[in-house]
Amino acid sequence: MIRINLLPFREPVRKTTTRQWVYFYLVGLLAAAGVMGFLWISRDGRIQDLQRKEARLKEEVGRFAKYEVMLKELKAQKEIIEQKKEVIRSLQRDRDHLVRSLTLFSLMTPPERMWFQRFSQSGEQVSISGVAVSNEAIAEFMRNLETSPFVGRGSVSLAHSRMTSMGGSKLREFQLSCKVLPYSAVQKMLSALPQGSAAEPEHGEGKPGPGSSPAGG
């Protein structure tokens, strides 16, 4: 039987294969390290780029925030100016409010049966003191006021009515109050009514309004 010794041939092959595996391992390790380094550098650059963008955005936000504050201040000043202008317009519309109130009460007073002794007005609230020949005259005066669009609905209130003597005549002393609306408020109220149902602000249900003259002189 013939024996062949293959050991001297296999040993160099095994050594060559081992060296190749070591070489491939080192090359793969270096390649992996290179890829990881590249990814790390890329990510670091990306982070720095994002940080720079964030800094620029913060700078722009800070710059525009100043304009936003200025805009809010301008809007607030504009609102204040508009409110003042509205007050001025209201005063111009209602500058004859007292005259209208006096005219209203003179026209609503039962003739020869009621006389005023004291008249005071604070804003829209009016207080009247006087004497009348009877409670019926006082009631008629209150009904006349309630029919006027210039008098607040349900605002006519009688404080007291008591017997008094004046010049030998027995009269009824009274005090009442009511709310007299300004002309601008009456205009707004009437304009809100359906068309055709709003009465002229100078007249109210058969009663002459402030500023008009009694019929028949």
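Can Gly152 be described as assigned by TED's automatic domain parsing to the domain that holds Leu102 and exposed (fewer than 15 other Cβ atoms within 10 Å of the Cβ)?
No, not satisfied.
Would you check if Phe105 is surrounded by 15 or more Cβ atoms within 10 Å (Cβ to Cβ), at pLDDT below 90 and in contact with a helix residue (DSSP H, G or I) (Cβ under 9 Å, 6 or more places away or on another chain)?
yes
Which count do you get for residues in segment 161-195 that are part of a strand (DSSP E or B) and of a type outside the set (S, T, N, Q)?
Of the residues in segment 161-195, 12 are part of a strand (DSSP E or B) and of a type outside the set (S, T, N, Q).
Looking at the structure I just gave you, is Arg113 of a type in the set (Lys, Arg), more than 30 Å from Leu190 (Cβ to Cβ), in contact (Cβ under 8 Å) with a residue 40 or more places away in the chain and in contact with a helix residue (DSSP H, G or I) (Cβ under 7 Å, 6 or more places away or on another chain)?
no
Which one of these is surrounded by 10 or more Cβ atoms within 10 Å (Cβ to Cβ) and outside any helix (DSSP H, G or I): Gln77, Gln117?
Gln117
Checking the condition touching a helix residue (DSSP H, G or I) at 6+ places or on another chain (Cβ under 8 Å) and not in a helix (DSSP H, G or I), which residue from Val131, Val126 passes?
The unique qualifying residue is Val126.
Collect the residues in segment 140-159 that are modelled with pLDDT of 90 or more, touching a Leu at 6+ places or on another chain (Cβ under 9 Å) and not polar (S, T, N, Q), keeping them in residue-number order.
Phe141, Met142, Leu145, Val156, Leu158, Ala159
The values are calculated or read from the model by the stated rules, or taken from the named source; none is laboratory data. Just so you know, these numbers come straight off a predicted model, no measurement behind them. Don't worry about glycine lacking a Cβ; one is built from the backbone with ideal geometry, like all the others, and counts go over all protein chains shown.
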